[in-house]
1. Contour minus end-to-end for residue 34 and residue 11, with contour as 0.36 nm per residue of separation and end-to-end as the Cα-Cα distance?
2. Hey, with R₀ at 30 Å, roughly what FRET efficiency would residue 71 and residue 125 work out to, going by the Cβ-Cβ distance, to 0.05?
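Every number here is computed from the coordinates shown, using simple stated rules; none is lab data. Because the structure is predicted, anything quoted here is derived from the model rather than measured. Methodologically, a virtual Cβ is constructed for each residue, glycine included, from the backbone with ideal geometry; neighbour enumeration extends over all protein chains shown.
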């Protein structure tokens, strides 16, 4: 293999789905992806909503956060598309979005946190790398991210 193509001849970074949590995370994640020169990027923000339980934040506030995140991604990837999902299941929403936008891979930056926090909150990273039906690219974190 002499490029980022997978066995079907599809470019791994042909269309990257880039999950982002907020403006700061979006900017850092887009910058981490930039050196790999993806052909197309779709930024994804998941609004945690549904299942008959109170929302963590009002939907309008979450949608504003999504818009700010998309703008941050576009400072690095001006042609990036955007996709907003509504779900309590973050990993499930990411997997659904892959199919909805026809992405070839998911690229993400770990949000960090200690082991106890990840255990209590449920680590989306583990779900992404163990349950995804497309390749998952874990982008490197820099010292500034820590």
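1. On the way: separation 23, 0.36 × 23 = 8.28 nm, distance 1.60 nm.
Answer, rounded to one decimal: 6.7 nm.
2. 0.75
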